[in-house]
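The values are calculated or read from the model by the stated rules, or taken from the named source; none is laboratory data. Remember, predicted model here, so these are calculated numbers, not experimental data. Here the Cβ positions follow ideal geometry from the backbone for every residue, glycine too, while neighbour counts run over all protein chains shown. Heads up: the accessible areas ignore ligands, DNA and RNA and are worked out on the full protein's heavy atoms, side chains in. Shrake-Rupley method; radii C 1.70, N 1.55, O 1.52, S 1.80 Å.
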Amino acid sequence: AGIIWRGGRFLAAERPTDKPLEGYWEFPGGKIEKDEKSEDALQREIKEELAADVAVDQFLGTVDYDYPDFHLTMECYLCHVAGGTLTILEHSAFRWVEREELDTIDWLPADRIAVEWVKKLQ
C-alpha cells in the first residue's frame, strides 16, 4: 500500500462500487507479481490506478489481516508523487486528508492498522 503524502496530508482512495468491499476507503496499491520487489509493485500499481509516479520514502510496516474470505499481507510505504497528475482510473474517488481527519473516514479494516501508524508519524 502506498501512503501518499503531500504537505502534511495523506491520500485516501474510495473503492469502486463494482469491487468487493465497495465504498470503503483505502491506501492505494495492489498485488505483487512473481519475481517483483514490493516497492516496484507499489510504483506499478499506483501508475495503473492513479496515472502518477511515486517515490518511496520509507517502509512503515506490514499488516497481516484476516478478512472472511482471504488473508491479506500488506506492506505499507510512505511515498510521495514524483511525477504525473493523480487521476482516478480504478477508484470511485480520492481525497487528501489531514492527519486530524483520518479517524473520520470509513477505512477498510486492514487499512485502519496503517492509519494508526500514520497518526504517529512526525
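Got a number for carbon plus sulfur as a percent of the chain's accessible area, 1.4 Å probe?
Values: 3240 of 6830 Å².
Here it works out to 47 percent.
Using 0.36 nm per residue and subtracting the Cα-Cα separation, the extra length available between Asp69 and Glu100 on full extension is 8.0 nm.
Identify which of Glu33, Glu14, Glu49 has the largest mean-square fluctuation in a Gaussian network model of the chain, with springs joining Cα atoms closer than 10 Å. Among Glu33, Glu14, Glu49, the largest mean-square fluctuation in the Gaussian network model of the chain belongs to Glu33. The amide H of Asp53, built 1.01 Å from its N in the peptide plane, has Ala82, Gly83, Gly84 as neighbours under 5 Å, considering only residues 5 or more places off or on other chains. Counting only protein heavy atoms and using a 1.4 Å probe, the accessible area of Trp25 comes to about 30 Å².
FRET efficiency for Thr62 and Lys34, Cβ-Cβ distance as r, R0 = 22 Å, nearest 0.05?
Numbers: r = 19 Å, r/R0 = 0.87.
The computed FRET efficiency comes out at 0.70.
Each of Tyr77, Tyr65 has its accessible area taken with a 1.4 Å probe; listed largest first, they run Tyr65, Tyr77. Short-range pairs are left out: with C-alpha atoms under 8 Å and at least six residues apart, the relative contact order of the chain is 32 percent. Straight-distance candidates among the lysines for linking to Lys120, with alpha-carbon spacing under 27 Å and chain neighbours fewer than 8 residues away dropped: Lys31, Lys37.
When the residues Thr104, Thr73 are ordered by accessible surface, computed with a 1.4 Å probe over the protein chains alone, the sequence from largest down reads Thr104, Thr73.
Think of a 1.4 Å ball rolled over the protein heavy atoms: the chain then has 56 Å² of accessible area per residue.
So between Lys119 and Ser92, what do we pick up on full extension, going 0.36 nm a residue minus the alpha carbon distance?
Details: separation 27, 0.36 × 27 = 9.72 nm, distance 2.46 nm.
Length difference between fully extended and current span is 7.3 nm.
Taking max minus min of the alpha-carbon positions on each principal axis, the stretch 3-83 gives extents of 35, 29, 21 Å, largest first. How many angstrom separate the Cα center of the stretch 69-107 from the Cα center of the stretch 3-65? Here the answer is 6 Å between Cα centres. Solvent-accessible surface (1.4 Å probe) assigned to Lys19 amounts to roughly 80 Å².
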